[in-house]
1. Could you pull the Cα extents of region 21-83 along its three principal axes, largest to smallest, in whole Å?
2. What is the sum of charges around GLY54, taking Lys and Arg as +1, Asp and Glu as -1, for the other residues whose C-beta is under 13 Å from the C-beta of GLY54?
3. Could you check the simple spin-label distance between GLN78 and ALA22, using points 7 Å along Cα→Cβ, in nm with one decimal?
Amino acid sequence: MNTSHQSSPPSSPSLSQPPNSAWIPWLLVMVLFSALVAACVGFLKALDGTPVSGALLAAGAAFGGTALLCLAVVPVVQQLRQRG
């Protein structure tokens, strides 16, 4: 009688859930904040009399700049937490 016990390999905990799953809400906050800044910039440019294409271009630049700034703050905060 040949009984082989095949067990599945242990699942890695990092595959099921990342160690720090709090980054998803923060990413959502960053995107929403960037969208708010972009909407404000686009609205102000439209009030100034800028054509729609110019207002959309300014809003896109504001969104990209704000998103990059928010994403750049994350490593800085992590470094400051490790120091203290």
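1. Computed over region 21-83, the largest-to-smallest principal extents equal 48, 20, 13 Å.
2. Neighbourhood net charge equals 0.
3. Roughly 1.4 nm, to one decimal.
Every number here is computed from the coordinates shown, using simple stated rules; none is lab data. Please read all numbers here as calculations on a predicted model, not as lab measurements. So basically every Cβ, Gly included, is an ideal-geometry build from the backbone, and we count neighbours across all protein chains shown.
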